[in-house]
Amino acid sequence: TQLLEQSPQFLSIQEGENLTVYCNSSSVFSSLQWYRQEPGEGPVLLVTVVTGGEVKKLKRLTFQFGDARKDSSLHITAAQPGDTGLYLCAGATEETSGSRLTFGEGTQLTVNP
Amino acid sequence: DTGVSQDPRHKITKRGQNVTFRCDPISEHNRLYWYRQTLGQGPEFLTYFQNEAQLEKSRLLSDRFSAERPKGSFSTLEIQRTEQGDSAMYLCASRLSGGNEQFFGPGTRLTVL
């Protein structure tokens, strides 16, 4: 069974601070996605990474896929209250690439004004 | 808006009753997925369809659960003889065959009393 571990599980910071969320596994992923979820809503896709070492930027968010494609990180610069939400990483392996995503437990981020 | 839609958004039922949820995927997405998410956890895979064929089912999908996608477009998920442990958010996602990205609907929140 694949396992995606996210850390930290909870993060409460002040507006303007930087933060990093980590997603780690012992499995190799063919693709890895980051989602953001608001209470009572479905996850919204932020980014997909597929190549080892890949870095993608989305405004103040920077996503990195590990060289071995077993881990990923999300870095937010100058966090804002609107960044508050549950951040989820999810991966598909070569065996499951046609089917299911395996999700981490999520990082609940709270950005205080 | 041509995103994934789910109906109903909320369902409250008494233990032992049957419930059915509907998912309309993004048009032309031939893959459709069902996930379940409980509070404080990431989504867990239940089952997926390619067109009308159900290709994979999780062990989480007990014999009280059945999913269909009769015409390869919308899908239904039925839970028979609901139990309190079935209370969760049921999420539907769709994807183009050959793509990496799954797009989620807003979910159906089920509460079993």
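Only the coordinates and a few stated rules stand behind these numbers; no lab work does. All values reported here derive from a predicted model rather than from experimental measurement. Quick reminder, even Gly has a Cβ in these numbers, built from the backbone with ideal geometry, and neighbours come from all protein chains shown.
The residues of the stretch B:52-77 that are in contact with a Ser or Thr (Cβ under 6 Å, 6 or more places away or on another chain), under 17 Å from B:Asn18 (Cβ atoms) and without any contact (Cβ under 8 Å) to a residue 40 or more places away in the chain, listed by number, are B:Leu61, B:Ala67, B:Glu68.
Restricting attention to the stretch B:1-26, which residues are of a type in the set (S, T, N, Q) and touching a residue at least 40 places away in the same chain (Cβ under 8 Å)?
Result: B:Ser5, B:Gln6, B:Thr13, B:Gln17, B:Asn18, B:Thr20.
Taking the criterion of being under 13 Å from the mean Cα position of the chain (by Cα) and either part of a loop (DSSP other than H, G, I, E, B) or within 14 Å of chain B (Cβ to nearest Cβ) (or both), the residues of the stretch A:9-21 that qualify are A:Gln9, A:Val21.
If a residue counts only when it is away from every other protein chain (no Cβ under 14 Å), which strands (runs of 3 or more DSSP E) contained entirely in the stretch A:56-113 have at least 1 such residues? Give the derivation first.
Numbers: elements: A:61-65, A:71-76, A:85-92, A:107-112.
Once the strands (runs of 3 or more DSSP E) in the stretch A:56-113 are filtered for at least 1 residues that are away from every other protein chain (no Cβ under 14 Å), what remains is A:61-65, A:71-76, A:107-112.
Candidates are the residues of the stretch A:22-54 that are more than 13 Å from chain B (Cβ to nearest Cβ) and within 17 Å of A:His75 (Cβ to Cβ); the one that is surrounded by the fewest Cβ atoms within 10 Å (Cβ to Cβ) is A:Gly53.
In the stretch B:43-53, how many are surrounded by fewer than 21 Cβ atoms within 10 Å (Cβ to Cβ) and within 11 Å of chain A (Cβ to nearest Cβ)?
So the first thing to find is which residues in the stretch B:43-53 are surrounded by fewer than 21 Cβ atoms within 10 Å (Cβ to Cβ), and the list is B:44, B:50-53.
Narrowing the set further to residues that are within 11 Å of chain A (Cβ to nearest Cβ) leaves B:44, B:50.
So the count comes out to 2.
Could you say whether any residue in the stretch A:32-41 is among the charged types (D, E, K, R), within 12 Å of the chain's Cα centre (by Cα), within 25 Å of B:Tyr90 (Cβ to Cβ) and part of a strand (DSSP E or B)? I'd like the intermediate steps shown before the answer.
We begin by selecting, within the stretch A:32-41, every residue among the charged types (D, E, K, R); these are A:36, A:38, A:41.
Those left that are additionally within 12 Å of the chain's Cα centre (by Cα): A:36.
Applying the additional criterion that residues be within 25 Å of B:Tyr90 (Cβ to Cβ) yields A:36.
Pick out the ones that are also part of a strand (DSSP E or B) and you get A:36.
Within the stretch A:32-41 (the criterion being among the charged types (D, E, K, R), within 12 Å of the chain's Cα centre (by Cα), within 25 Å of B:Tyr90 (Cβ to Cβ) and part of a strand (DSSP E or B)), the answer is yes, since at least one residue qualifies.
The single condition among (1) farther than 18 Å from B:Phe104 by Cβ; (2) within 13 Å of chain A (Cβ to nearest Cβ) that B:Thr20 does not satisfy is (2).
From (1) part of a strand (DSSP E or B); (2) more than 14 Å from chain A (Cβ to nearest Cβ); (3) in contact (Cβ under 8 Å) with a residue 60 or more places away in the chain, pick out the condition that doesn't hold for B:Thr82. Only one criterion is unmet by B:Thr82, namely (1).
Against the criterion of being polar (S, T, N, Q), away from every other protein chain (no Cβ under 12 Å) and out of contact with any helix residue (DSSP H, G or I) (no Cβ under 9 Å at 6 or more places or on another chain), B:Ser5 does not qualify.
Specify which of the listed residues (B:Ser66, B:Ser94) is assigned to a strand (DSSP E or B), within 12 Å of chain A (Cβ to nearest Cβ) and small (Gly, Ala, Ser). Don't jump to the end; show me each part of the working.
Working: B:Ser66 fails: within 12 Å of chain A (Cβ to nearest Cβ).
Among B:Ser66, B:Ser94, only B:Ser94 is assigned to a strand (DSSP E or B), within 12 Å of chain A (Cβ to nearest Cβ) and small (Gly, Ala, Ser).
A count restricted to the stretch B:31-41 and to residues that are part of a loop (DSSP other than H, G, I, E, B) and either among the basic types (Lys, Arg) or within 15 Å of the chain's Cα centre (by Cα) (or both) stands at 1.
Restricting attention to the stretch B:97-113, the residues that are within 14 Å of chain A (Cβ to nearest Cβ) and more than 14 Å from the chain's Cα centre (by Cα) add up to 6. Among the numbered conditions (1) more than 22 Å from A:Asn18 (Cα to Cα); (2) surrounded by fewer than 20 Cβ atoms within 10 Å (Cβ to Cβ), the only one that A:Thr110 does not meet is (1). Answer yes if at least one residue in the stretch B:30-42 is away from chain A (no Cβ under 14 Å), of a type in the set (A, V, I, L, M, F, W, C) and surrounded by fewer than 16 Cβ atoms within 10 Å (Cβ to Cβ), and no otherwise. Looking for residues that are away from chain A (no Cβ under 14 Å), of a type in the set (A, V, I, L, M, F, W, C) and surrounded by fewer than 16 Cβ atoms within 10 Å (Cβ to Cβ), one finds none in the stretch B:30-42, hence no.
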